[in-house]
Structure formats: C-alpha cells, structure tokens
Amino acid sequence: LRIGVVGAGAMGSLFGGCLFEGGGADVTLIDINPAHIGAIREHGLRIVDDRGDRLLDIPTVTPDAVRGTFDLVLVFTKTLHTRSALAGIAGTIGPETYLFSLQNGLENKETLLEFAAPDRVLIGVTTYPADIKGPGHVESNGEGVARFAAAASGEPPISTALIRAFEPSGLRLVYDPDVEAAIWEKVAFNAALNSICAITRSTVGQVGADEGTRSLVFSIVGEVCRTAIASGIAADIDHVEGMVEHALSHHTHHKPSMLQDLLAGRLTEIETINGAVVRKAVAAGIETPVTSVVLKLVRHVQSPPQV
Ligand code: NAD
C-alpha cells in the first residue's frame, strides 16, 4: 500500500513512523512545519514508546513536493486544518484513493466526503496518545487501539489489506461497524474535560478536585450522550462517565490538548467537538445548555476581541 500521512505532527508521526518501521506499507509523511520536516530529514524521525527509542529514515515532504497518487491518505492534521490540508494534496487523491481520518471530533466524515466518494472514505477513532517533544521527536506510551469503518455501508474492500499493513506496525487496527458510537463517546469525553480544562486553565486533577467544575464535566457528558442517542447513535453514557472518572483520578497532571493549544496561542478544536455537538443537538431537538456556554467561552478565550 502506498500511504501518505497528511499532518505529520504527534499522531501522524507516530502512526506514519510505526507503519513505515513495520514494513507493511510504503509511507510518506506530509507536513508544512519546516522545523519538524528539517529535523526528520537531517536526523531521522525519533519515536520513543514502550517498544524503545529509535530513529527512522522516513520520507518526509511538504505538500507541494508530493508526487503520484496514494492508495490511502491518513489524515492527522488538527480538524480545523483538514480541508486546507486535503486541498493542498488534491493532486495525489485519485478516484481509487481512500481517505482515512482517526482525528477527534465529529464531522470528519463530511469533510473527507468533499474530497472522495463515500466508498473511498474511512472514519474512525483511536485511543493511542502521542506528544511532540520537539522537532522530529514524538513520544507515546501505553496500550491503545484504532477502530474504523467506511462512510458507505459494509466492510470496505481495502479492509483486509489495511489491517495487514498495520499488523507489523505494533499499532492495533480493527474494523468496527459501530465505530460512530466510539467516535461520539470520545467526543463526549473531550467536549467535557478538554473544554473545562481549557477555560479554567487547569489540569485534569484540578478540575476533578473542585465540585463545581467536576459537575460541569458530567453535565456535558450527559448532554453529548443524549444528543448522540437522539441522533440514532448508541453512545454508552456509563462507559464515558467511567472514562472521565478514571481520568479525573489517574491523569491528574495532564493538560488536555485544548488547554495546550490555548496556552500556545493556537486555535483549538472546539468547533468540531463542542461546536459540532451543539449543531447536532439543535437538529435533534436536544437542550445542551452547559456545552453551549462552554463553547462560547472557549471561542472567546481563544480569539479575544480587540477593543
Ligand atoms: P499536531 O498539532 O501534533 O499535528 C498536526 C500536524 O498537522 C502539525 O504537524 C501541522 O504542521 C500539520 N498541518 C497543519 N496544516 C497542514 C497542512 N495544510 N498540510 C499538512 N500538514 C499540516 O496534532 P495531533 O496531536 O497529532 O492531533 C491530530 C489529530 O489527532 C487531532 O484531531 C487530535 O484531536 C487527534 N488525536 C490526538 C491524540 C494525541 O494524543 N495527540 C490522540 C488521539 C487523537
């Protein structure tokens, strides 16, 4: 399989690097960050995870330098950059190319469908974590899984080849026809914890230690899960509450990505997480008062008006 990974930051570098290392696929990393690309070209991509610390001599290019068409494009930009990133490599997306998103948030399917036919769009969700420690250097730890399904109904023809390409990578990929429920459950988790940590500029542990912010987190989980169910998706609220409880008591020092983005002066993924939930809730006739307030507050703090 010829795979292009567009958005080779934390997750793109981890997935692209492990797929390249495993030898199951011909992988090219595509990114626009000159420092990151330069470091990979000069020293190799450094991956540090439970399997060790190694340097990979992996092909890494800017969008304008990609040649030919890919069998599969794995999309790992932040969701606010998906459209511009795919437009930037539109020449490499042929009629047979699959587009595959494991990004967080809702509406990834809709964005990918702007660039490929429904039978060529794969969506999913992953529990693997990754962090960029510096240019050309990514770290990850712990077990995880990536689940996927096709935008069109039924198992996609590429499924077997894709799962086989992942096997030697050490990353677990499974076909899951109910992946929409897993996507919504992760959105519920992120809509709740990420946004409250971001607004309060607090770690997960600090939010959990304050009864007030803790109750807001669980209110959002309820609102998102009720919206999912009203939209025909069987999200499991008990499962999400369990994940949140676990994070509040075990990941106390963690700063979720939305907080990290705010602190670094970057736009967050709020529009495809809380924003998308509120849009779906309006369509389904569900009230989401806390999610809506939090959406407005994160919008404000990430782009404060100049007065
Ligand atoms: P990141 O910011 O580390 O990486 C995004 C990369 O996209 C950057 O290197 C950036 O330069 C690149 N990019 C931006 N615009 C581009 C363009 N036009 N063309 C090519 N590249 C472009 O983000 P991340 O943490 O890897 O997250 C990626 C996605 O995965 C997000 O949706 C995130 O929510 C999701 N996710 C992240 C984690 C995690 O632990 N980091 C876990 C699960 C899911």
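The values are calculated or read from the model by the stated rules, or taken from the named source; none is laboratory data. None of the values given here were measured: they were computed from a predicted structure. A quick note on method: Cβ atoms are made from the backbone with ideal geometry, for glycine too, and the neighbour counts reach across all protein chains shown. Quick note on the areas: whole protein, heavy atoms, side chains included, nothing else; ligands and nucleic acids left out. Shrake-Rupley method; radii C 1.70, N 1.55, O 1.52, S 1.80 Å.
Annotation note: of 232, 265, 222, the sole residue that is in a loop (DSSP other than H, G, I, E, B) and over 21 Å from the mean Cα position of the chain (by Cα) is 232.
Scanning segment 93-101 finds one or more residues that are in contact (Cβ under 8 Å) with a residue 12 or more places away in the chain and within 20 Å of residue 33 (Cβ to Cβ).
Considering each residue of segment 169-190, count those that are open to solvent by less than 40 Å² (accessible area, probe 1.4 Å), within 12 Å of the ligand (Cβ to nearest atom) and within 23 Å of residue 296 (Cβ to Cβ), and give that number. Qualifying residue count for the region: 2.
When each of 95, 157, 129, 135 is tested for being near the ligand (Cβ under 8 Å from one of its atoms), of a type outside the set (D, E, K, R) and open to solvent by 40 Å² or more (accessible area, probe 1.4 Å), the lone residue that passes is 129.
Going by the structure shown, is residue 113 buried (at least 19 other Cβ atoms within 10 Å of the Cβ) and touching a strand residue (DSSP E or B) at 6+ places or on another chain (Cβ under 8 Å)?
For residue 113, the condition - buried (at least 19 other Cβ atoms within 10 Å of the Cβ) and touching a strand residue (DSSP E or B) at 6+ places or on another chain (Cβ under 8 Å) - is not met.
Identify, please: which residue in segment 19-43 is part of a helix (DSSP H, G or I) and surrounded by fewer than 18 Cβ atoms within 10 Å (Cβ to Cβ) and is, among those, farthest from the ligand (Cβ to nearest atom)? Taking the candidates together, the pick is 22. Note on segment 260-289: among residues that are more than 15 Å from the ligand (Cβ to nearest atom) and not small (Gly, Ala, Ser), the one that is surrounded by the most Cβ atoms within 10 Å (Cβ to Cβ) is 288. The single condition from (1) more than 15 Å from the ligand (Cβ to nearest atom); (2) over 30 Å from residue 270 (Cβ atoms); (3) open to solvent by less than 30 Å² (accessible area, probe 1.4 Å) that residue 51 fails is (3). Here residue 297 qualifies as touching a helix residue (DSSP H, G or I) at 6+ places or on another chain (Cβ under 6 Å), modelled with pLDDT of 95 or more and open to solvent by 50 Å² or more (accessible area, probe 1.4 Å). Exactly one residue among 214, 299 is assigned to a helix (DSSP H, G or I), out of contact with any Pro (no Cβ under 6 Å at 6 or more places or on another chain) and within 19 Å of residue 107 (Cβ to Cβ), and that residue is 299.
Test residue 108 against the criterion of being in contact (Cβ under 8 Å) with a residue 12 or more places away in the chain, under 30 Å from residue 43 (Cβ atoms) and either within 13 Å of the ligand (Cβ to nearest atom) or surrounded by fewer than 20 Cβ atoms within 10 Å (Cβ to Cβ) (or both), and give yes or no. Judged against the criteria, residue 108 is not a match. Determine whether residue 77 is part of a loop (DSSP other than H, G, I, E, B), modelled with pLDDT of 95 or more and either more than 14 Å from the ligand (Cβ to nearest atom) or surrounded by fewer than 18 Cβ atoms within 10 Å (Cβ to Cβ) (or both). Here the answer is no, as residue 77 does not meet what is asked.
When residue 249 is tested against the conditions (1) farther than 24 Å from residue 179 by Cα; (2) open to solvent by less than 10 Å² (accessible area, probe 1.4 Å), the lone failure is (2).
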